[in-house]
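A.B. asks: I'd like to ask some things about the structure below.
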Amino acid sequence: MILSEVHQRPAARCLEDCVAYDYRQGKKTTFPPWMLEQLEKTFDLQELSKSENSRKVKELFGRVRALEKQTWDKADAKEDMGSQKP
């Protein structure tokens, strides 16, 4: 994911395809078994990390929402729009 610093939000999502290419033969080829095994391990670690971080993000959203309920969601809450006073 590419994040925009200016807008403080995701700007793009990236996907990748890995292709082994044999330049001597001038065509695609298969990965050696050891390389395929390492790529699978890397993918598994990425999926685990994504799962753990998604859980953490959900927890943070819940904590932020709880704070909002304590402050903004009160019946007598008033928003300060920063009006100018002479």
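A.B. asks: Given (1) touching a strand residue (DSSP E or B) at 6+ places or on another chain (Cβ under 6 Å); (2) in a helix (DSSP H, G or I), where does A11 come up short, assuming only one miss?
C.D. replies: Failed condition: (2).
A.B. asks: Also, quick follow-up: The conditions are (1) on the phi < 0 side of the Ramachandran plot; (2) surrounded by fewer than 10 Cβ atoms within 10 Å (Cβ to Cβ), and G82 fails exactly one of them. Which is it?
C.D. replies: (1)
A short reminder: the numbers here are calculations on the coordinates, not readings from a lab. Every value quoted in this text rests on a predicted model; they were computed, and no experiment measured them. With ideal geometry, Cβ positions are generated from the backbone for all residues, glycine too; neighbour counts draw on all protein chains shown.
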